[in-house]
Amino acid sequence: MPADRPNRLFIHGAGRRGHRAWPNMSTDRSELLSFTPGSSIHEQTKTILQTCGTRRITLFAHSIGAVPATLAANNLNLAAIVLVEPAFYDIVRGDPAVERHISAVVEAQAQAADGNLPGCWAILRPLMFGGPFDEQRWDQERPVAEHWSRANVPWGHGIRSGMLAGVPTLVITGGWNDEYEAIAQVLVSDGAEHRVLAGAAHRPQDLPEFRTLLDEFERTQADAAARSPTR
């Protein structure tokens, strides 16, 4: 194995952390980054930069975790980046599905700010998890509602089309949601590869095929690097 083979840094989304966030990852050369709860996108971006340093890195980022990963990318020694259902809403503003999602989340957070957490959850639950608000499950679901009412939103952070130009990029989506497929198509127009792994909705990394797809992508990048006259 080449000595300069890049390390892997896995960046979670707004929900699961650690191995629960990446259950089918290889532990070889891998590090799981866990952000401080409640940290801002700016703080998360700084954490990525501090964690990576000058090491040659392949970044893996899920959902909103792709936002700080991309904001950090220009200042990293980046071999490649793998984006799993990246929440790049800013590059698809105007898309009807995206605008509906943003409008709903803005209204939900306004309800929470006014002290109406059940009203917030009545909007967020069907939007993000499916199924209506159920008063009989409120005590059980209240902590989840509190978490999502305060979660960072994935727009307004300066993500723009073309920010990853020149970086080998693989985008993996679950084929279940028009918002993420629209985001993927913009990234494809910027030069990214796109693969769909259906069957796990927003978490295609939970499927066993995910590991195979990553291995194929990394082999392709390693072969390309070996052929490069600059290496």
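The values are calculated or read from the model by the stated rules, or taken from the named source; none is laboratory data. The structure presented is a predicted model; accordingly, all values stated were derived computationally and were not measured. A quick note on method: Cβ atoms are made from the backbone with ideal geometry, for glycine too, and the neighbour counts reach across all protein chains shown. We work out accessible area using only protein heavy atoms, side chains counted, and drop any ligands, DNA or RNA first. Shrake-Rupley method; radii C 1.70, N 1.55, O 1.52, S 1.80 Å.
The single residue among THR36, THR47, THR51 that is surrounded by fewer than 17 Cβ atoms within 10 Å (Cβ to Cβ), in contact with a strand residue (DSSP E or B) (Cβ under 9 Å, 6 or more places away or on another chain) and either closer than 23 Å to GLY162 by Cα or not charged (D, E, K, R) (or both) turns out to be THR51. Cβ separations smaller than 7 Å between residues 6+ apart or across chains give the following pairs from the range 48-60 residues that are farther than 23 Å from GLN205 by Cα to residues that are assigned to a helix (DSSP H, G or I): LEU49/ALA72.
Yes/no matrix, rows are residues, columns are (1) in a loop (DSSP other than H, G, I, E, B); (2) modelled with pLDDT of 95 or more; (3) within 15 Å of ALA151 (Cβ to Cβ):
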| position | (1), (2), (3) |
| --- | --- |
| GLY38 | yes, no, yes |
| GLU43 | no, yes, yes |
| ILE48 | no, yes, no |
| THR54 | yes, no, no |
| ALA61 | no, yes, no |
| GLY65 | no, yes, yes |
| THR70 | no, yes, no |
| ALA79 | no, no, no |
| LEU83 | no, yes, no |
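For the range 147-170, the criterion of being without any contact (Cβ under 8 Å) to a residue 60 or more places away in the chain, open to solvent by 40 Å² or more (accessible area, probe 1.4 Å) and closer than 30 Å to THR220 by Cβ is met by at least one residue. Only one entry in GLY191, GLY162 is more than 15 Å from LEU71 (Cβ to Cβ) and assigned to a loop (DSSP other than H, G, I, E, B), namely GLY191.
Conditions tested, residue by residue: (1) within 25 Å of SER39 (Cα to Cα); (2) touching a Cys at 6+ places or on another chain (Cβ under 6 Å); (3) surrounded by 15 or more Cβ atoms within 10 Å (Cβ to Cβ).
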| residue | (1), (2), (3) |
| --- | --- |
| ASN116 | yes, no, no |
| PRO126 | no, no, no |
| PHE133 | no, no, yes |
| THR173 | no, no, yes |
| ALA198 | no, no, no |
| LEU207 | no, no, yes |
| GLU216 | no, no, no |
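Quick check on the range 160-174. Is at least one of its residues in contact with a Leu (Cβ under 7 Å, 6 or more places away or on another chain) and of a type in the set (S, T, N, Q)? Yes, the range 160-174 contains at least one residue that is in contact with a Leu (Cβ under 7 Å, 6 or more places away or on another chain) and of a type in the set (S, T, N, Q). Take the residues in the range 182-193 that are of a type outside the set (Val, Ile, Thr) and open to solvent by less than 40 Å² (accessible area, probe 1.4 Å), then tell me which one is nearest to the chain's Cα centre (by Cα). The qualifying residue nearest to the chain's Cα centre (by Cα) is ALA184. Hey, among the residues in the range 85-114 that are assigned to a loop (DSSP other than H, G, I, E, B) and buried (at least 20 other Cβ atoms within 10 Å of the Cβ), which one's nearest to the chain's Cα centre (by Cα)? The residue in question is PRO86.
Being open to solvent by less than 60 Å² (accessible area, probe 1.4 Å), over 19 Å from GLY13 (Cα atoms) and among the charged types (D, E, K, R) is the requirement here; does GLU141 meet it? When the stated conditions are applied, GLU141 passes them. Note on the range 78-122: residues that are within 20 Å of TRP176 (Cα to Cα) and of a type in the set (A, V, I, L, M, F, W, C) total 12. For the range 218-231, taking the residues that are open to solvent by less than 50 Å² (accessible area, probe 1.4 Å) and in a helix (DSSP H, G or I), the one that is nearest to ARG20 (Cα to Cα) is identified as GLU218.
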